[in-house]
1. Tell me which trypsin sites (Lys or Arg not before Pro) from the range 157-264 have a DSSP coil assignment and no more than 15 other beta carbons within 10 Å of their own.
2. With a probe of 1.4 Å, find how much accessible area the range 73-213 has per residue, and write the answer as a whole number in Å².
3. Antiparallel DSSP bridges in the chain: what percent, to the nearest 5?
4. Could you give the distance between the Cα centres of the range 208-264 and the range 114-193, to the whole Å?
5. Output ³J(HN,Hα) for the range 149-155: one whole-Hz value per residue in order, computed from phi by the Karplus curve 6.51 cos²θ - 1.76 cosθ + 1.60 with θ = phi - 60°, and x for Gly and Pro.
6. Given a 1.4 Å probe and the protein chains all in place, what does the accessible area of C68 round to, in Å² to the nearest 10?
7. Using only the alpha-carbon atoms, how far is helix 51-65 inclined from the longest principal axis of the chain? Give it as 0 to 90 degrees, nearest 10.
8. Quick check: at a probe of 1.4 Å, how many percent of the accessible area of the chain sits on carbon and sulfur atoms?
Amino acid sequence: MHDKRLLLSPGRTAAPEHQATTPNPRENLSFSTMAGKKVLIVYAHQEPRSFNATLKNVAVEELSKQGCSVTVSDLYAMGFEPRATRIDITGSLSNPESFNYGVETHEAFKKGTLSSDIVAEQKKVQEADLVIFQFPLYWFSVPAIMKGWMDRVLCQGFAFDIPEFYDSGLLKKKLALLSLTTGGVASMYTKAGANGDFRYFLWPLQHGTLHFCGFKVLAPQVSFAPEYSSEEERKAMVASWAQRLKSLWQEKPIQCLPPWYFEQ
């Protein structure tokens, strides 16, 4: 099941996920509401000529045409540090004898002593109306560099607090969307397929991370088996993503509850 070639291939193309889950339009939104929106794309791929890069570039182009302000955090190009360590706190520790990363970053956020790279990414998130995560699927999850971004940037006090999580999360006024490519073909990601329904592996990412922080989650854009698709199929996938982006602001978030993931 965990064939590295199937699960780890970076992917040069992407098939539109919403073949399986067609987003519903949001009421009373017009094209004019798109202008002035701010979008952050958190992008994780090593190759600038990859299909993931193409999807990222299409999103930048289309959203910019709409009048949106688009910022890209190209994690590999930035050399983003994925490890969560003591270095992330620039001031003194609250308990230097027994280091607890979650406790210390929470305190550092309140005191303004988080490392500058974390603060820079948090500023981008804070300013964004929508955060798009663009990545190839690695072992049913995000690449390590993107996981590190989530671990370090979405800290307590900034993205959530107690009891401010899930619907009350501190990022509750923002939208989030996962756009990912897979190594396996679509039939592998069904209930009867070798990998099970793709919604299963989205549960920890969409619900346990994004929804926990309060994000309203849009339907994912899952691009199946780019490595094994024809050039025509790849072009169609790009066109589908571009077309979806034209009406993205009219979509309603998914119901980020267990039935969406496990009972459809």
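The values are calculated or read from the model by the stated rules, or taken from the named source; none is laboratory data. Please read all numbers here as calculations on a predicted model, not as lab measurements. A quick note on method: Cβ atoms are made from the backbone with ideal geometry, for glycine too, and the neighbour counts reach across all protein chains shown. Just the protein is used for accessible areas: all its heavy atoms, side chains included, with ligands, DNA and RNA removed. Shrake-Rupley method; radii C 1.70, N 1.55, O 1.52, S 1.80 Å.
1. K173, K191
2. Solvent-accessible surface per residue comes out at 42 Å².
3. Looking only at bridges with both residues in the chain, the antiparallel portion is about 10 percent.
4. About 14 Å separates the Cα centre of the range 208-264 from the one of the range 114-193.
5. After applying 6.51 cos²θ - 1.76 cosθ + 1.60, I find 4, 5, 4, 8, 7, 8, 7 Hz.
6. For C68, the solvent-accessible surface is approximately 10 Å².
7. Roughly 80 degrees, rounded to the nearest 10.
8. 54 percent
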